[in-house]
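Participant: One structure, as structure tokens, below. Some questions next.
The values are calculated or read from the model by the stated rules, or taken from the named source; none is laboratory data. Everything quoted here is computed from the prediction, not taken from an experiment. No Cβ is skipped: glycine too gets one built from the backbone with ideal geometry, and neighbour counts run over all protein chains shown.
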Amino acid sequence: MSQFHTLELLSNDGCYTITINRPDKLNALNRQVVTELHHAFESVACDESIRVVVLTGAGDKAFVAGADISEINTLNPMDAQQFAQYGQQLMSRIEQLGKPVIARINGFALGGGCELAMACTLRIASSNARMGLPEIGLGIMPGFGGTQRMARLVGEGKAVELALTGRLIKADEALQLGLLNQVCEPAQLDDTIQTLVSQLAHSAPLAMRNIIAAVQAAGDVPLQSGLDYEAQLFGLCCATEDMREGTTAFLEKRKAEFRGR
Ligand code: COA
């Protein structure tokens, strides 16, 4: 029997799709969902056949409408701090997976849902999506990394405005702010994601891992350290069979077959 009760998992041609499946609660993140996501991403990390992950929410209304407010309502300060750390560890696990994770944002991505989307490598939304950090309306604040990742993605000024007002923004504004990579009509969402998945599933896995790591470092380290890190990872790329294959295939005017070696 599957160990997952709140997730639907589907593996297809190098792509692993994880669907949070609590549509009656707009896929809110309770402790069980967070635990199951930890387990799902842990197994994805170890599976070389998975080249790209799509993370989404069930139904057509929400990606994830936040942490589960009925659970937050009962937390004491110690449990709340631990829950925040547990959620933050999940976000870091996703961010540091070493494979691209695409957030398929098919509706509300609020609070913990927005934080989850921000931990993904790429964010693609349907035009009816709404994003935001509405925790302030509950007398709390983001706790799964929202203050930090929002500031890095859209700048401190906008991040503090969004978290202080709790204002929900439409997909177009989120795209303009740099919070989203792409927006499309709801009917086009799956095709848009599939186009990207097909490309990434056939790209060189080790080079992708290094690109993600190097770009992530840009937000954390001084320029020269980032440049040194980039040069080091570039050297590692050139130690791979995939580098030989990619450059040789170009010279032989054929399509490269990358194997992640
Ligand atoms: N936690 C727990 N349950 C949630 C939830 C959350 N974050 N978000 C939605 N739900 C539940 C609702 O309680 C409702 O359950 P019920 O049918 O048993 O009453 C169900 O999901 C549907 O939500 P509903 O509010 O009826 O839908 P709506 O279309 O009227 O409104 C939202 C949609 C997203 C605007 C609204 O649900 C909302 O504001 N949710 C909370 C967003 C939030 O503050 N997130 C941050 C949490 S820290």
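Participant: Out of all the residues in the range 132-151, which are within 17 Å of GLN81 (Cβ to Cβ), more than 10 Å from the ligand (Cβ to nearest atom) and in contact (Cβ under 8 Å) with a residue 12 or more places away in the chain?
Facilitator: Matches in the range 132-151: GLY145, THR147.
Participant: Mind listing whichever residues of the range 174-201 are surrounded by 18 or more Cβ atoms within 10 Å (Cβ to Cβ) and farther than 30 Å from ARG51 by Cβ?
Facilitator: none
Participant: Filter the range 219-260 for residues that are touching a His at 6+ places or on another chain (Cβ under 9 Å) and surrounded by 13 or more Cβ atoms within 10 Å (Cβ to Cβ) and give the result.
Facilitator: Answer for the range 219-260, where residues must be touching a His at 6+ places or on another chain (Cβ under 9 Å) and surrounded by 13 or more Cβ atoms within 10 Å (Cβ to Cβ): ALA256, PHE258.
Participant: Moving on to the next point. Report, by residue number, each residue of the range 22-67 that is more than 12 Å from the ligand (Cβ to nearest atom), more than 14 Å from ARG93 (Cβ to Cβ) and within 17 Å of the chain's Cα centre (by Cα).
Facilitator: Hits for the range 22-67 are ILE50, ARG51, VAL52, VAL54, THR56, ALA58.
Participant: Can you tell me which residues in the range 227-242 are of a type in the set (Asp, Glu) and farther than 19 Å from ALA256 by Cα?
Facilitator: The answer is ASP228, GLU230.
Participant: Oh, and also: Specify which of the listed residues (ILE124, ILE140) is assigned by TED's automatic domain parsing to the domain that holds THR56, within 25 Å of ASP60 (Cα to Cα) and not in a helix (DSSP H, G or I).
Facilitator: ILE124
Participant: Let me ask another. Residues of the range 160-185 being assigned to a helix (DSSP H, G or I) and away from the ligand (no atom under 16 Å from the Cβ), which ones?
Facilitator: If the condition is that a residue be assigned to a helix (DSSP H, G or I) and away from the ligand (no atom under 16 Å from the Cβ), then VAL160, GLU161, ASP172, GLU173, LEU175, GLN176, LEU177 are the ones that fit.
Residue by residue, here is whether (1) under 24 Å from ARG149 (Cβ atoms); (2) assigned by TED's automatic domain parsing to the domain that holds VAL154; (3) in a helix (DSSP H, G or I); (4) among the acidic types (Asp, Glu) holds:
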{"site": "ASP190", "(1), (2), (3), (4)": "no, yes, yes, yes"}
{"site": "VAL215", "(1), (2), (3), (4)": "yes, no, yes, no"}
{"site": "GLN224", "(1), (2), (3), (4)": "no, no, yes, no"}
{"site": "GLN232", "(1), (2), (3), (4)": "no, no, yes, no"}
{"site": "GLY235", "(1), (2), (3), (4)": "no, no, yes, no"}
{"site": "GLU245", "(1), (2), (3), (4)": "no, no, yes, yes"}
{"site": "GLU257", "(1), (2), (3), (4)": "no, no, no, yes"}
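Participant: Among the numbered criteria (1) farther than 24 Å from ILE50 by Cβ; (2) touching a residue at least 60 places away in the same chain (Cβ under 8 Å), which single criterion is violated by SER225?
Facilitator: SER225 satisfies every listed condition except (2).
Participant: Take the conditions more than 26 Å from ASN210 (Cα to Cα), of a type outside the set (Phe, Trp, Tyr), assigned to a helix (DSSP H, G or I) and modelled with pLDDT of 95 or more and apply them to GLY113. Does it pass?
Facilitator: For GLY113, the condition - more than 26 Å from ASN210 (Cα to Cα), of a type outside the set (Phe, Trp, Tyr), assigned to a helix (DSSP H, G or I) and modelled with pLDDT of 95 or more - is met.
Participant: Can you name the residue in the range 1-48 that is among the acidic types (Asp, Glu) and under 17 Å from ASN106 (Cβ atoms) and, of all such residues, is surrounded by the most Cβ atoms within 10 Å (Cβ to Cβ)?
Facilitator: GLU8
Participant: Any chance you could count how many residues in the range 189-245 are closer than 23 Å to ARG152 by Cβ and of a type in the set (Asp, Glu)?
Facilitator: Count: 3.
Participant: Which of the residues spanning the range 57-69 are surrounded by 24 or more Cβ atoms within 10 Å (Cβ to Cβ) and of a type outside the set (Gly, Ala, Ser)?
Facilitator: PHE63, VAL64
Participant: Same structure, new question: If you check PRO77 against the conditions, is it of a type outside the set (A, V, I, L, M, F, W, C) and closer than 17 Å to ILE105 by Cα?
Facilitator: no
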